[in-house]
Amino acid sequence: MRIFLRGLLSLAVFCLITCNVFAGTTEEVKQNIINQAKSMGVEPAIVLSIAKTESGFNQAARSGYGHIGVFQLSHSAAKHMGLDPYKLDDNIKGGITYYKNMYERFGSMELAVAAFNAGPEAVRRNNNSIPKHSQKFVNRIMSDYKYYKSLGI
């Protein structure tokens, strides 16, 4: 019984470490996002809103599509940026970088958020407007964005 319990404990510790449960509390994750956004010249309120919707600020979040962490980065996007999506700081940097690139490409928050959700080609194919399947996502993000702005973030 002791060996079983020791093995179970070892497995639990391994899972906690590899799942990044020790990545920080929600408030620590939010502060990390705010700090990185400011250092990268991105408005913190918009990327906080994206992270809230994508994962609820949970680095251990995984999607059915294999997307990872706070910003639900794909392996390929993270690899393209030279980042490890399993590391909280890299995940945040990758999410903010991707949003910033989409904003620079499309010139508006709404289109950048739509591209974050559906991909830039979907926005382009939709005549540089929000694809129908991304409208609820964009509305949710923009609502949260206004809320965070009202808090002075």
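Worth a mention:
- In segment 110-134, the qualifying residues are those that are within 21 Å of the chain's Cα centre (by Cα) and charged (D, E, K, R), and the one that is nearest to Ser74 (Cα to Cα) is Glu121.
- Residues (within 18 Å of Ala37 (Cα to Cα) and in contact with a helix residue (DSSP H, G or I) (Cβ under 8 Å, 6 or more places away or on another chain)) located in segment 106-135: Met109, Glu110, Ala112, Val113, Phe116
- Answer residue from segment 88-116, given it is closer than 23 Å to Gly24 by Cβ and free of Cβ contacts under 8 Å to residues at least 40 places away in the same chain and is surrounded by the fewest Cβ atoms within 10 Å (Cβ to Cβ) among those: Asp90
- Selection within segment 48-63 - among the aliphatic types (A, V, I, L, M) and either part of a loop (DSSP other than H, G, I, E, B) or over 8 Å from the mean Cα position of the chain (by Cα) (or both): Leu48, Ala60, Ala61
- For segment 104-131, the tally of residues that are under 16 Å from Gly94 (Cα atoms) and not in a helix (DSSP H, G or I) stands at 1.
Read-outs throughout are calculated quantities, based only on the coordinates presented, and are distinct from any laboratory measurement. All figures in this text were calculated on a predicted structure; none of them were measured in a lab. Note that each Cβ is placed from the backbone with ideal geometry, even for glycine, and that neighbours are counted across all protein chains shown.
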